[in-house]
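Chemist: Okay, handing you the structure first.
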């Protein structure tokens, strides 16, 4: 599994990680097995959130006895993101995850509390050893600029955003901003929300052709394309161990320039939207 530095000051992290949204909706045993299979194959970057129902409990079971191998991420809801609320939410997540620290803690999206309050809480949590770094999710460039003024350079570890072949809006401004400031980009829902290209579509045919050349699957090709830049990570969710294994194999797939160009043409990024898309 290929690894790359997570943010300006972070450790090496698996380029393909594991998302957990809705992972608590199916069979618990299968969900735990899927996460463990992913860990075995190098997908040690695991992302969850207090919003995700019982996902933190599923993750706790999956990583039991292996915590030191995991880059563990959770998120605070905007409604909890006051200074005190952030600290309470983090401690609640730590208890649910059965761990004493998070490797990164994110503000799930921009809310009504001043960013200075949330950042102050993050800094306190870092000082207490409860989190090792912090970042944000669903932040557009104007939000990132404001956050940078509050936190300073080198402090924003990542921005987790919607990014898949059918939704490349972040390439206009968010990705360049993150690259300039040493902030990792983490792609959530990298296969789209039940909208992965059909093999009979024009784009699907391109993915099929490239996949065949590499002895890979179209989904692996999609993940390789999304993580083609050295500061971009992806966190697909897998519902079974077999799906986890398929996702993990994308971590070693490197596309040629011509293949990247073909995918870029088949899935154009389109015009810059007025606001950042999110789920």
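Rule-based calculations on the coordinates, nothing more; no lab input. Computed from a predicted structure; not experimentally measured. Quick reminder, even Gly has a Cβ in these numbers, built from the backbone with ideal geometry, and neighbours come from all protein chains shown.
Chemist: Would you kindly state how much longer the chain becomes between residue 179 and residue 242 on full extension, computed as 0.36 nm times their sequence separation minus their alpha carbon distance, in nm to one decimal?
Modeler: Contour length minus the Cα-Cα distance gives 19.4 nm.
Chemist: Continuing with the same structure: Can you give the convex hull volume per residue for the Cα atoms of the chain, as a whole number of Å³?
Modeler: So the per-residue hull volume is 115 Å³.
Chemist: Using a simple spin-label model with points 7 Å from Cα along the Cα→Cβ vector, what separation in nm is obtained for residue 66 and residue 214?
Modeler: 2.4 nm
Chemist: Let me ask something else. What does the highest-first list of 46-55, 149-158 look like by mean Cβ count within 10 Å?
Modeler: 46-55, 149-158
Chemist: Given contacts defined as C-alpha pairs under 8 Å and at least six residues apart, what's the relative contact order of the chain, whole-number percent?
Modeler: It rounds to 23 percent for the chain.
Chemist: Let me make sure I get this right: for segment 156-212, a, b and c are the square roots of the gyration tensor eigenvalues over alpha carbons, sorted descending. Under 1.5 in a/c it's rounded, otherwise prolate if a/b > b/c, else oblate. Which is it?
Modeler: prolate
Chemist: Here is a follow-up. Which distance in Å, rounded to a whole number, links the C-alpha centroids of segment 1-31 and segment 190-231?
Modeler: Measuring centre to centre over Cα atoms gives 19 Å.
Chemist: So if each residue of separation counts as 0.36 nm, and I subtract the Cα-Cα distance between residue 275 and residue 5, what length gain in nm does that give?
Modeler: Length gained between residue 275 and residue 5: 94.4 nm.
Chemist: Percent antiparallel among DSSP beta bridges with both residues in the chain, to the nearest 5? Before the final figure, lay out each step's value.
Modeler: Values: 4 of 28 bridges.
In the chain, DSSP labels about 15 percent of beta bridges as antiparallel.
Chemist: A follow-up question, please. Figure the gain on full extension for residue 261 and residue 201 (residue separation times 0.36 nm, minus the Cα-Cα span) and round it to one decimal in nm.
Modeler: 19.8 nm
Chemist: How much FRET efficiency would the formula 1/(1 + (r/R0)^6) give for residue 112 and residue 25, where r is the Cβ-Cβ distance and R0 is 22 Å, rounded to 0.05?
Modeler: It comes out at approximately 0.15.
Chemist: To continue, here is another question. Can you classify segment 30-158 as rounded, prolate or oblate using the Cα gyration tensor, where a ≥ b ≥ c are the square roots of its eigenvalues, rounded means a/c under 1.5, and otherwise it's prolate if a/b beats b/c and oblate if not? Before the final figure, lay out the partial values.
Modeler: Numbers: a/c = 1.95, a/b = 1.80, b/c = 1.08.
Cα axes put segment 30-158 in the prolate bin.
Chemist: Rounded if a/c is under 1.5, else prolate if a/b is larger than b/c, else oblate: which is segment 233-276, with a ≥ b ≥ c the root eigenvalues of its Cα gyration tensor?
Modeler: Oblate.
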